[in-house]
Structure formats: structure tokens, C-alpha cells
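What follows draws every value from the coordinates through simple rules; no lab data is involved. Remember, it's a predicted structure, so these values are computed and weren't measured experimentally. Quick reminder, even Gly has a Cβ in these numbers, built from the backbone with ideal geometry, and neighbours come from all protein chains shown.
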Amino acid sequence: MRKFTFAAALSLAVLLGAEPKAVTEAKAKAKAGKYEEAIAQLDGALKTSPKEAPALKAGLADVYLSQGDFFMYNEQMPPFRKYPSALRSYRKVLEFDKTNAKAQKNIATIEGIYKSMGRPVPQ
């Protein structure tokens, strides 16, 4: 019987797409609506764990996307509050995942709303 080494276990975890603990915890916080806490946790992990940068950046993109969706589809918030907030979050998604189709689509939608009203698009 062959021994299952730590290196083999690590390789298997990478192949199976295991994510760093910080990402798992941040996703749970985001799911609970604690977006700022999740972002702060991932930013901190990104500074201290550069080897995990790709997974941490993907986690940041996911959290910012969730935050953007929260603002975009929040019927309790007035448009002048939710659209600029959503736009900022979706733009942050693209800083970490330049090809995120949902963020790109929602940015275009929000910018289209502002343009159709003849108003400047928030930066």
C-alpha cells in the first residue's frame, strides 16, 4: 500500500478546486450580507498569502459581484443610492476578473439608464 503524502494531498486539493480558508469564510460572510467584512478579510489574506493570490482574487470578484447584486436588485433602496453603489461594486469585479460577463452586462445596463435620462454616469 502506498503512502499518501502531504504533497499528493495538496496536489489533489488543487486539482479538485479546493479554495483557501479565507475565501470560504469570506463567501459565508458575503452570504450573510457582511460584504465589507468579507472584502477586508480577503484583502488582508491577499497581502499575507501571495501564493494564494489567484484564488483570493477570484473570491474578491465573487464578493464584489454579490455586493453589486445586493444593491442593483434592492427594491428598498432608491435608484439614486443603489445604482451608483452597484456600479462601484461591478467595476471592482472587473479589477479582479476582467472577463466577468455579468458585471459587464450590469455596468452597461446602469450606464444606459443614466444616459437615457441625460445624466452623467457616476464614477
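Could you tell me whether region 111-119 includes any residue that is surrounded by 16 or more Cβ atoms within 10 Å (Cβ to Cβ) and among the acidic types (Asp, Glu)? Checked region 111-119: no residue is surrounded by 16 or more Cβ atoms within 10 Å (Cβ to Cβ) and among the acidic types (Asp, Glu).
Taking helices (runs of 4 or more DSSP H) as the structural unit, those lying wholly within region 49-123 and holding at least 2 residues that are of a type in the set (S, T, N, Q), closer than 16 Å to Gly33 by Cα and in contact (Cβ under 8 Å) with a residue 12 or more places away in the chain correspond to 53-72, 79-96. Condition check: small (Gly, Ala, Ser), surrounded by fewer than 16 Cβ atoms within 10 Å (Cβ to Cβ) and within 14 Å of the chain's Cα centre (by Cα). Does Gly59 satisfy that? So Gly59 does not fit the description; no. For the residues Ala40, Ala101, Ala86, the requirement of being crowded, with 19+ Cβ neighbours inside 10 Å and of a type in the set (Gly, Ala, Ser) singles out Ala86. Taking the criterion of being closer than 20 Å to Ala86 by Cβ and either of a type in the set (Asp, Glu) or assigned to a helix (DSSP H, G or I) (or both), the residues of region 14-39 that qualify are Ala26, Lys27, Lys29, Ala30, Lys31, Tyr35, Glu36, Glu37, Ala38, Ile39.
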